[in-house]
Amino acid sequence: MIEGAYNDYADWKKWSVGDFMRYSAYDAAYFSGELRGLELKGRRIIELGFGNGKFLAYARDRGAVVAGTELLADVARQAMAAGVQVFQSDLSDAVAQSPGEFDLVVAFDVLEHLTYDEIRMLFAQLARLLKPGGRVLARYPNGCSPLGCVSQNGDHTHRSTLSAPLLMQLLLGRPWRMMFAGNPYRVNVGGNPIRRIALGTRHVLRDIVQAGFNSIYGTKVTLDPNVVVLIEHRPCRTL
């Protein structure tokens, strides 16, 4: 890790104090699509690396009990001031205080910041933190797509290139089951009609290229710049 890698990171990401824990109609549509009907009301949710807090605010507004982790101290203090429970990034305090009590872990654009060993250690902690049947929703740059190079190589704090199969290889023999892996939910609302038509056309063309590629090579590769996975905690039963 480069010394001081996260110095001024919030400025680089253009996270402003005034925008903290605020989300747009576009953000709400995206989060709703990614959650795929998962109930939030009354659920305990922890977001890893919550950044500007958009998802935390969205989930809390829908009745979830939210908590999170964040490396940036100033951002963590903002969250605590807003009533969010903030845990250490290694989750040691969360596991000690609330073992097996969380329903959902969310990690948008986080796993690529970890080494493969750190990802394995993280999921070992998540296995202790989640209820049986609890889930992890994660998004990261798509290592199986040339378009993923833009996201992966656009940030020097990224330390691992990932795909859905590679992630599950890291978790082999551990209590996890892949429920979904694919392109991120596509929001095509708001803005002017011309922009919506352009976005819709781009999505259609990308799907055609994706289907053709997979047909030719016999693969199931997704081509969007990012990939989203939903993973279920499936602990072994003991007699």
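The values are calculated or read from the model by the stated rules, or taken from the named source; none is laboratory data. Every value quoted in this text rests on a predicted model; they were computed, and no experiment measured them. As a convention, Cβ positions derive from the backbone with ideal geometry for all residues, glycine included, and neighbour counts pool all protein chains shown. Please note that ligands, DNA and RNA were not included when accessible areas were found on the heavy atoms of the full protein model with its side chains. Shrake-Rupley method; radii C 1.70, N 1.55, O 1.52, S 1.80 Å.
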Build a GNM of the chain with springs between Cα atoms under 10 Å: which of HIS203, HIS158, HIS113 gets the top mean-square fluctuation? HIS203
Cα-based Rg/(2.2 N^0.38 Å) for the stretch 37-83, rounded to two decimals, is 1.10
Distance-filtered residues of the stretch 47-72 - backbone nitrogen under 20 Å, label point 7 angstrom along SER32 Cα→Cβ: 54-65
Starting from the Kirkwood radius over alpha-carbon pairs of the stretch 196-239, derive D by Stokes-Einstein at 25 °C in a medium of 0.890 mPa s and give it in µm² s⁻¹. 184
Heavy atoms only, 1.4 Å probe, whole protein assembly: order ARG195, ARG135 by accessible area, highest first. ARG195, ARG135
Tell me, what is the 1.4 Å probe accessible area of GLU118, in Å² to the nearest 10? 60
For the chain, set up a GNM with springs between Cα atoms under 10 Å and report which of VAL84, VAL221, VAL204 has the largest fluctuation. VAL204
On each of the three principal axes of the Cα atoms of the stretch 96-182, give max minus min coordinate, whole Å, ordered largest first. 38, 24, 20
LYS54: which lysines have alpha carbons under 21 Å from its alpha carbon, excluding same-chain residues fewer than 8 sequence positions away? LYS13, LYS14, LYS41
Please get the size of the charge dipole for the chain, origin at its Cα centre, with Cβ charges of +1 on Lys and Arg and -1 on Asp and Glu, quoted in debye to the nearest 20. 940
Rounded to 5, percent antiparallel among DSSP beta bridges of the chain: 40
Could you identify which residue out of LEU129, LEU170, LEU205 has the top mean-square fluctuation in a GNM of the chain using Cα springs shorter than 10 Å? LEU205
Need one word for the stretch 56-132: rounded, prolate or oblate. Basis is the Cα gyration tensor (sqrt eigenvalues a ≥ b ≥ c); a/c below 1.5 gives rounded, then a/b vs b/c decides. oblate
Enumerate the amide H contacts of MET21 below 5 Å, restricted to partners 5 or more residues apart or on another chain; note that Pro and chain-start residues carry no placed amide H. GLY53, LYS54
Percent of all Cα-Cα pairs per 10 Å bin for the chain, counting from 0 up to the last occupied bin, reads 7, 29, 38, 21, 5, 0, 0
What helix-only [θ] at 222 nm does the chain give? Using -39500 (n - 2.57) per DSSP H run of at least 4, over all residues, to the nearest 500, the answer is -11000 deg cm²/dmol
Note down the Stokes-Einstein diffusion coefficient of the stretch 13-110 in µm²/s, whole number, using a Kirkwood radius over alpha carbon pairs, 10 °C, and 1.306 mPa s. 117
Sequence of ARG234, ARG44 from largest to smallest accessible area, 1.4 Å probe: ARG234, ARG44
Express in Å², to the nearest 10, the accessible area of ARG177 obtained by rolling a 1.4 Å probe over the protein heavy atoms while all chains stay in place. 100
What percent does the relative contact order of the chain come to when contacts are Cα pairs within less than 8 Å and at least six residues apart? 19
Starting from 0.36 nm per residue, how many nanometres of slack lie between LYS220 and TYR9 once their C-alpha separation is accounted for? 72.5 nm
Amide H of ARG135 versus every other amide H placed in the peptide plane: which residues, excluding those fewer than 5 positions away on the same chain, fall under 5 Å? LEU104, VAL105, HIS233
Rounded to whole angstrom, the alpha-carbon centroid of the stretch 8-69 lies from that of the stretch 123-147 at a distance of 16
What ratio of Cα Rg to 2.2 N^0.38 Å holds for the stretch 131-184? 1.26
By accessible area with a 1.4 Å probe, ligands and nucleic acids excluded, highest first: order of SER32, SER160: SER32, SER160
Per-residue accessible area for MET21 at 1.4 Å probe radius, Å² rounded to 10? 30
